[in-house]
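Okay, so here's the structure we're looking at.
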Amino acid sequence: MAKKLTRRSFVGSAALATAVVSAPTVLRAARPKAVVIGGGAGGATAARYIAKDSKGGVDVTLIEPTRTYYTCFFSNLYLGGFREFDSIGHSYGNLASSYGINVVHDWAVGVDRDAKSVALAGGGSVPYDRLVVSPGIDFVDDSVPGWSVAAQNRMPHAFKAGSQTQLLKAQIDAMPDGGTYVMVAPPNPYRCPPGPYERVSMVAHVLKAKNPTAKILIFDPKEKFSKMALFQEGWENHYAGMIEWVGGDFGQVEEVRPESMEVVVDGEVTKADACNVIPAMKAGHIAEVAGLTNEGGWCPIVPATMQSRMDENIHVLGDATQNGDMPKSGFSANSQAKVAAMAVRSALTESKLFPPKFANTCWSLIGTDDGVKVGASYEATEEKIAKVDGFISQTGEDAALRKQTYEESIGWYDDITTDMFG
Ligand SMILES: Cc1cc2nc3c(=O)[nH]c(=O)nc-3n(C[C@H](O)[C@H](O)[C@H](O)COP(=O)(O)OP(=O)(O)OC[C@H]3O[C@@H](n4cnc5c(N)ncnc54)[C@H](O)[C@@H]3O)c2cc1C
């Protein structure tokens, strides 16, 4: 049942926000309220589609602490020198000015599911009729012994883009001649399955030009990884002898020592000049606070609508979900957001609900003009989002096809960020 937007509640909600980006103050009677937590790939898309497709029929509030969202997608290309940092930053101005979304720059710190309201760090609360939660990931405490977020300035994860990505780039640029870059790779499941290996490719690309005797070591708890044959072929072609991958069968990280920049694997100590620790992941903390996570730390969902299995008034998107076959990617989050937006709109305005469609493609750049991709389409079953068919680049492809794949990824980036942020 929609709640009335009274003058009192409007003034109250504007006052509690730390900042509201130029939201048009159109007072309408009894518009139902959709609130979105997290203005990343999933949340920004959901907010935009609910506002756009309801044509102002739903009052949309987006809660996001940062004023500029830096995409993790293409952050590796920044590390490799293929993108400027500013080119991966996106603001929320269009969502406010073109779509009438109330953009509240604050942290959601609690969800009262009975009262249907979200508590903000800055004080006060925002009521909802439907809530969308897309907070991305957080890291599992102690999954890499010796590492905690307190150590992220010594050993950056750079798996939330922004200052962490810049810090990692500074470490790479400051490596001494012949120095060692160490990556501690994450266990499954984690955001962007090919992301760590695209990153290694981009680091190698920079080092080959500036510091060709440097070495890259990857300590990986897994026995295999996404697009493994494609990456290994590319590493041999572009960076022969520079990259060593140590899989879970060959050595386990026992401890990292941020102060001395050491990594201990099966009793052997490696000194790193740059050290990228990517710990195990779980759904963003607010999902746990809201009681939306299972024992594995992820949010189970109803595939057809992206509703939480814990609360039908809440939809969960993107990396935070345990959805079945879809990988944790920006493309997936965007695709799931459109399904959730349609379901929210249908619930709040009784508009028609169409069968859901899901798709994903993950592109990776291995070297200059050497792009590869993996992707699939999916359908909603009762149990999970299930893969229907898929495709993957092949080893031995010619240079023209690889260049075309890279160019396709640039077009995708421009299109999808416009689809998210307007
Ligand atoms: C190195 C790297 C490369 C990648 N490359 C690709 C790629 O090429 N293609 C691709 O499709 N995907 C890629 N990804 C994955 C992609 O970035 C994620 O899958 C995607 O961002 C997930 O979207 P999301 O909405 O779930 O989370 P996010 O995009 O992380 O958004 C979460 C948002 O929620 C906000 N938030 C968190 N907690 C709160 C709270 N309590 N209150 C309010 N707001 C909150 C955060 O500030 C953040 O803005 C890559 C990831 C990495 C790390």
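The values are calculated or read from the model by the stated rules, or taken from the named source; none is laboratory data. Since the model is a prediction, treat every value here as computed from it, not as a measurement. Ideal geometry is used to build each Cβ from the backbone, glycine not excepted, and the neighbour counts take in all protein chains shown. These accessible areas exclude ligands, DNA and RNA; they are computed on the full protein's heavy atoms, side chains included. Shrake-Rupley method; radii C 1.70, N 1.55, O 1.52, S 1.80 Å.
Here are the numbers for the structure shown:
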{"quantity": "Test: residue in segment 114-121 that is in contact with a helix residue (DSSP H, G or I) (Cβ under 9 Å, 6 or more places away or on another chain) and away from the ligand (no atom under 15 Å from the Cβ)", "calculated": "no"}
{"quantity": "Every pair of residues 6+ apart whose Cβ atoms lie under 7 Å, when the first sits in segment 169-188 and is in a loop (DSSP other than H, G, I, E, B) while the second is among the aromatic types (F, W, Y)", "calculated": "M175/Y181; A185/F219"}
{"quantity": "Any pair with Cβ under 8 angstrom, 6 or more apart, that starts in segment 258-280 at a residue that is touching a residue at least 40 places away in the same chain (Cβ under 8 Å) and under 12 Å from A158 (Cα atoms) and ends at one that is of a type in the set (D, E, K, R) and open to solvent by 20 Å² or more (accessible area, probe 1.4 Å)", "calculated": "C275/R154"}
{"quantity": "Options D414, D370: the member that is among the acidic types (D, E), free of Cβ contacts under 8 Å to residues at least 24 places away in the same chain and either within 16 Å of the ligand (Cβ to nearest atom) or open to solvent by 40 Å² or more (accessible area, probe 1.4 Å) (or both)", "calculated": "D414"}
{"quantity": "Count of segment 38-52 residues which are more than 21 Å from D112 (Cβ to Cβ) and assigned to a loop (DSSP other than H, G, I, E, B)", "calculated": "2"}
{"quantity": "Restricting segment 258-279 to residues that are aliphatic (A, V, I, L, M) and away from the ligand (no atom under 14 Å from the Cβ), the residue that is farthest from the chain's Cα centre (by Cα)", "calculated": "V269"}
{"quantity": "R345 open to solvent by 20 Å² or more (accessible area, probe 1.4 Å), farther than 25 Å from V184 by Cα and touching an Asp or Glu at 6+ places or on another chain (Cβ under 6 Å)", "calculated": "yes"}
{"quantity": "Some residue of segment 4-16 being open to solvent by 20 Å² or more (accessible area, probe 1.4 Å) and at pLDDT 50 or above", "calculated": "no"}
{"quantity": "Unique residue being outside any loop (DSSP other than H, G, I, E, B) and open to solvent by 30 Å² or more (accessible area, probe 1.4 Å) when the list is W235, W245", "calculated": "W245"}
{"quantity": "Exclusive hit being farther than 30 Å from S364 by Cβ, out of contact with any helix residue (DSSP H, G or I) (no Cβ under 8 Å at 6 or more places or on another chain), among the hydrophobic types (A, V, I, L, M, F, W, C) and outside any loop (DSSP other than H, G, I, E, B), set V103, V35", "calculated": "V35"}
{"quantity": "Residue list for segment 221-248, filter: acidic (D, E) and over 16 Å from E268 (Cβ atoms)", "calculated": "E223, E233, E236"}
{"quantity": "Residues of segment 124-147 satisfying the condition of being assigned to a loop (DSSP other than H, G, I, E, B) and either over 30 Å from I278 (Cβ atoms) or basic (K, R) (or both)", "calculated": "G124, Y128, D129"}
{"quantity": "Pairs with Cβ under 9 Å, 6+ apart, first in segment 62-74 and outside any strand (DSSP E or B), second open to solvent by 60 Å² or more (accessible area, probe 1.4 Å) and among the charged types (D, E, K, R)", "calculated": "C72/K160"}
{"quantity": "Residues (open to solvent by 10 Å² or more (accessible area, probe 1.4 Å) and within 16 Å of the ligand (Cβ to nearest atom)) located in segment 308-322", "calculated": "D319, Q322"}
{"quantity": "Odd one out for M420, checked against (1) over 17 Å from the mean Cα position of the chain (by Cα); (2) closer than 27 Å to L79 by Cβ; (3) surrounded by 16 or more Cβ atoms within 10 Å (Cβ to Cβ); (4) among the hydrophobic types (A, V, I, L, M, F, W, C)", "calculated": "(1)"}
{"quantity": "Any pair with Cβ under 7 angstrom, 6 or more apart, that starts in segment 190-208 at a residue that is closer than 15 Å to V374 by Cα and open to solvent by less than 10 Å² (accessible area, probe 1.4 Å) and ends at one that is assigned to a helix (DSSP H, G or I) and more than 9 Å from the ligand (Cβ to nearest atom)", "calculated": "Y197/F231"}
{"quantity": "Within segment 189-224, considering residues that are within 15 Å of the ligand (Cβ to nearest atom) and assigned to a loop (DSSP other than H, G, I, E, B), the one farthest from T71 (Cα to Cα)", "calculated": "P189"}
{"quantity": "Selected residue (criterion: nearest to V133 (Cα to Cα)) from residues of segment 34-53 that are more than 6 Å from the ligand (Cβ to nearest atom) and in contact with a strand residue (DSSP E or B) (Cβ under 8 Å, 6 or more places away or on another chain)", "calculated": "V36"}
{"quantity": "Unique match (being open to solvent by 30 Å² or more (accessible area, probe 1.4 Å) and under 21 Å from V35 (Cα atoms)) among A150, A170, A174, A121", "calculated": "A121"}
{"quantity": "Looking only at segment 291-305, and only at residues there that are out of contact with any Pro (no Cβ under 8 Å at 6 or more places or on another chain) and open to solvent by less than 10 Å² (accessible area, probe 1.4 Å), the one that is nearest to the ligand (Cβ to nearest atom)", "calculated": "C299"}
{"quantity": "Any pair with Cβ under 8 angstrom, 6 or more apart, that starts in segment 90-112 at a residue that is within 11 Å of the ligand (Cβ to nearest atom) and ends at one that is part of a strand (DSSP E or B) and of a type in the set (F, W, Y)", "calculated": "H90/Y69; H90/Y70; Y92/Y69"}
